[in-house]
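Below you'll find the structure, written out as structure tokens, and then a few comments.
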Amino acid sequence: MSRLVVASIGPASSVQDGGRLGAQRYGLTVSGAMDRLSLAAANTLVGNDPFAAAVEIGPFGAAFTARDGAVRVAISGAPRNADVAGSPLAMDTSVTLKDGETLTLGFARGGAFTYLAIEGAIKGELVFGSLAVNARAGLGSPYPRPLQAGDELSVDAASGASELRIDLPKPVSGPIRVVLGPQDDEFDDANKALFLNSDWKISATSDRMGYRLEGPAIKHLHGHNIVSDGTVNGSIQVPGNGAPIALMMDRGTSGGYPKIATVITADVGRLAQTSAGTAFRFKAVSMAEAQDEARKFAQAIRALPDRLRSADTVALNIEALSDANVAGHAVNAVDAGTWQVTAEP
Amino acid sequence: MAATLPPPRLLPSGDSAVTVEFSRTIDDDANQRVLALDKALAASPIDGITETVPTYRSLLVHYDPGKIGFDALGEKILPIATRPLPPATKARRWRIPVAYGGEHGIDLKDVAKTLNTTPDDIVARHVGGDYKVAMIGFTPGWSYLSGLDKSLHMSRRQNPRLLTPAGTISIGGIQAGIQCLAAPSGWHLLGRTPVRTYQLHRNPTFLTEPGDRVTFFAIDHKTFDELDRAAEAGELVAEQVVA
């Protein structure tokens, strides 16, 4: 066994995985990664199951040091500068940290959460099938709380496998898609239109429980008290002050405010990665479209291994060049979508 | 063959869950239908359903849209949800010890004052209730109880407290509650129980299930301390009444 020591880490960073299923009926929320696609990409790079436990790193910087042997890791998610012993590391690639080497990550340059997956996954005690930290319920392993400097993760010694990068599907852009309901009939047409046609910003006071949305006040037809009913990841509830809250992974399992709409599964991670203060909109889609997108999203995650490439050519990776700031603005003139660095085995 | 019951509303909760709503208000008949549907789906699972979450007046059904679509699932749920209720089976009953008043129930005196009576009378009315676990939600093990004596119905506090102790026994609106973990609450705190409705590494992890019956009995604060230590060590300290 090797150890990965947390040399430094900011708030809102914790061990997360695919989440804790089956106990919402007892008030135990799902938790798990805010951006499941990025978690899956990082895990796929080091040969783990897509929803294995990894470190979810919040918007601030972090550093991890390998001890008692080499440790193979990968990063995906919100882009940030990264280096290992002074050599830049591109996003969406794996790297093996030699004993004593440190991986240093800067602040997120957009989005919020970056995932650090570790070959063989993080070891810990499963509760309802999950290591995910749910600080309020005192759950999570190896630490039932956000990570702190000095914490140690027991991990497998690096396999020595050659390093990989992953060509992720082109990110979806445009509005965050929602299905109206379950309580859209608690709002009149004018207020539903106000919700769908206004610019929204995520408040800085948001967290893993919920994203508070700043924009116009949404008014209820019959007041804001409904009888508590069940919530899902992406439920958008409207409390008495009219400022919607999108419920995220650490949400309460039930809530007593009308829910005007629900973010589609394929876009929950996109919402999670929307930076505080960035304007965005919602768009209502049909149930058929939402379910089609959910199936495509699940398929995209299953197909991630097909997108692995050798990392030998990583020096030509645009993001690596950009991160290292050696290519300057010249890189920006290249369309990332057509810049093919072929390294298929 | 008995006539079928009126159909519930099927409300989309995104692309992977449906809220099966039997009523818009707190209503014991609706809650019985929620729990009956929950039981029926557990007994004969529909392929694609991943998890069900009973609440007062609706059942939230989580499902995998890769296995079943919204319309197909609705068609399978409706006939089950409109079946006449099966004859009531004997529910499990828990007797829950409560240390009322003092530091453990800081609102007891104020509740008595508001209702123009004595703290002892409030305790007697609370202990006299025959409750049912209508749902568990918000935080792990928080059991929402129906069956609160009508004379104890009162609106919630104007200013919710940001933190109330683990084990709090409280009332709010027409509901009573057993709270497990320390949490924010706008309810009136009558007492505390040493019983943990949720405790990791204990079998069972969760004490209460929706549909369970609950009664309370008063204990003094010294007994609370003794039972609290026993509960911390993993004992249930709630008495299960065998029907």
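The values are calculated or read from the model by the stated rules, or taken from the named source; none is laboratory data. All values reported here derive from a predicted model rather than from experimental measurement. Cβ coordinates were reconstructed from backbone atoms using ideal geometry, including for glycine residues, and neighbour counts include every protein chain displayed.
Numbers below:
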{"quantity": "Cross-chain or 6+ apart pairs with Cβ under 7 Å, region A:119-130 first and in contact (Cβ under 8 Å) with a residue 12 or more places away in the chain, then surrounded by fewer than 21 Cβ atoms within 10 Å (Cβ to Cβ) and outside any loop (DSSP other than H, G, I, E, B)", "calculated": "A:Lys123/A:Ser154"}
{"quantity": "Restricting region B:161-192 to residues that are within 12 Å of another protein chain (Cβ to nearest Cβ) and in a loop (DSSP other than H, G, I, E, B), the residue that is nearest to A:Leu139 (Cα to Cα)", "calculated": "B:Leu181"}
{"quantity": "Criterion (touching a residue at least 24 places away in the same chain (Cβ under 8 Å) and at the interface with another protein chain (Cβ under 9 Å from one of its Cβ atoms)) met by exactly one of B:Pro12, B:Pro8", "calculated": "B:Pro12"}
{"quantity": "Failed condition for A:Ser228, given (1) closer than 27 Å to B:Glu51 by Cα; (2) surrounded by 19 or more Cβ atoms within 10 Å (Cβ to Cβ); (3) modelled with pLDDT of 95 or more", "calculated": "(3)"}
{"quantity": "Some residue of region A:249-264 being more than 12 Å from every other protein chain (Cβ to nearest Cβ), crowded, with 24+ Cβ neighbours inside 10 Å, modelled with pLDDT of 95 or more and assigned to a loop (DSSP other than H, G, I, E, B)", "calculated": "yes"}
{"quantity": "Those residues of region A:146-161 which are under 25 Å from A:Thr29 (Cα atoms) and either among the polar types (S, T, N, Q) or within 14 Å of chain B (Cβ to nearest Cβ) (or both), in sequence order", "calculated": "A:Gln148"}
{"quantity": "Subset of region B:24-48 that is facing chain A (nearest Cβ under 8 Å) and out of contact with any Gly (no Cβ under 9 Å at 6 or more places or on another chain) - its residue that is surrounded by the fewest Cβ atoms within 10 Å (Cβ to Cβ)", "calculated": "B:Thr25"}
{"quantity": "Selection status of A:Asp267, under 15 Å from A:Lys283 (Cα atoms) and not in a loop (DSSP other than H, G, I, E, B)", "calculated": "yes"}
{"quantity": "Which numbered condition A:Ser206 fails, given (1) in a loop (DSSP other than H, G, I, E, B); (2) within 14 Å of chain B (Cβ to nearest Cβ); (3) surrounded by 17 or more Cβ atoms within 10 Å (Cβ to Cβ)", "calculated": "(2)"}
{"quantity": "Given (1) under 15 Å from A:Leu116 (Cβ atoms); (2) outside any strand (DSSP E or B); (3) in contact with a Lys or Arg (Cβ under 9 Å, 6 or more places away or on another chain); (4) of a type in the set (Ser, Thr, Tyr), index of the condition A:Ser38 fails", "calculated": "(3)"}
{"quantity": "Among (1) surrounded by 21 or more Cβ atoms within 10 Å (Cβ to Cβ); (2) under 24 Å from B:Asp64 (Cβ atoms) - the single one A:Val172 does not satisfy", "calculated": "(1)"}
{"quantity": "Failed item in (1) farther than 24 Å from A:Gln24 by Cβ; (2) at pLDDT 95 or above, with B:Thr193 passing the rest", "calculated": "(1)"}
{"quantity": "Members of region A:109-145 found to be in a strand (DSSP E or B) and either of a type in the set (Val, Ile, Thr) or surrounded by fewer than 21 Cβ atoms within 10 Å (Cβ to Cβ) (or both), listed by number", "calculated": "A:Thr114, A:Ile118, A:Val127"}
{"quantity": "Residues (on the phi < 0 side of the Ramachandran plot, within 14 Å of chain A (Cβ to nearest Cβ), crowded, with 18+ Cβ neighbours inside 10 Å and part of a loop (DSSP other than H, G, I, E, B)) located in region B:138-157", "calculated": "B:Thr139, B:Pro140, B:Trp142"}
{"quantity": "Verdict on B:Ala91 being among the small types (Gly, Ala, Ser) and modelled with pLDDT under 95", "calculated": "yes"}
{"quantity": "Breaking point among (1) free of Cβ contacts under 8 Å to residues at least 60 places away in the same chain; (2) closer than 30 Å to A:Ala42 by Cβ; (3) within 14 Å of chain B (Cβ to nearest Cβ), for A:Leu221", "calculated": "(2)"}
{"quantity": "Region A:224-248, subset away from every other protein chain (no Cβ under 14 Å) and hydrophobic (A, V, I, L, M, F, W, C), residue nearest to the chain's Cα centre (by Cα)", "calculated": "A:Ile245"}
{"quantity": "Single unsatisfied condition, A:Thr274 versus (1) over 19 Å from the mean Cα position of the chain (by Cα); (2) closer than 17 Å to A:Gly58 by Cβ; (3) among the β-branched types (Val, Ile, Thr)", "calculated": "(1)"}
{"quantity": "Positions within region A:1-50 being under 15 Å from the mean Cα position of the chain (by Cα) and within 14 Å of chain B (Cβ to nearest Cβ), in sequence order", "calculated": "A:Gly18, A:Gly19, A:Val30, A:Ser31, A:Gly32, A:Arg36"}
{"quantity": "Condition broken by A:Ala40, with the remaining ones in (1) out of contact with any strand residue (DSSP E or B) (no Cβ under 8 Å at 6 or more places or on another chain); (2) surrounded by 24 or more Cβ atoms within 10 Å (Cβ to Cβ); (3) more than 15 Å from A:Ile75 (Cβ to Cβ) satisfied", "calculated": "(3)"}
{"quantity": "Condition check for A:Asp184: among the acidic types (Asp, Glu), closer than 23 Å to A:Asp267 by Cβ and either within 14 Å of chain B (Cβ to nearest Cβ) or touching a strand residue (DSSP E or B) at 6+ places or on another chain (Cβ under 8 Å) (or both)", "calculated": "yes"}
{"quantity": "Which listed residue, of B:Glu226, B:Glu235, B:Glu239, is free of Cβ contacts under 8 Å to residues at least 24 places away in the same chain and closer than 17 Å to B:Trp94 by Cβ", "calculated": "B:Glu235"}
{"quantity": "Residues within region A:281-299 that are more than 7 Å from chain B (Cβ to nearest Cβ) and crowded, with 16+ Cβ neighbours inside 10 Å, tallied", "calculated": "6"}
{"quantity": "Some residue of region A:107-119 being within 14 Å of another protein chain (Cβ to nearest Cβ) and among the aromatic types (Phe, Trp, Tyr)", "calculated": "no"}
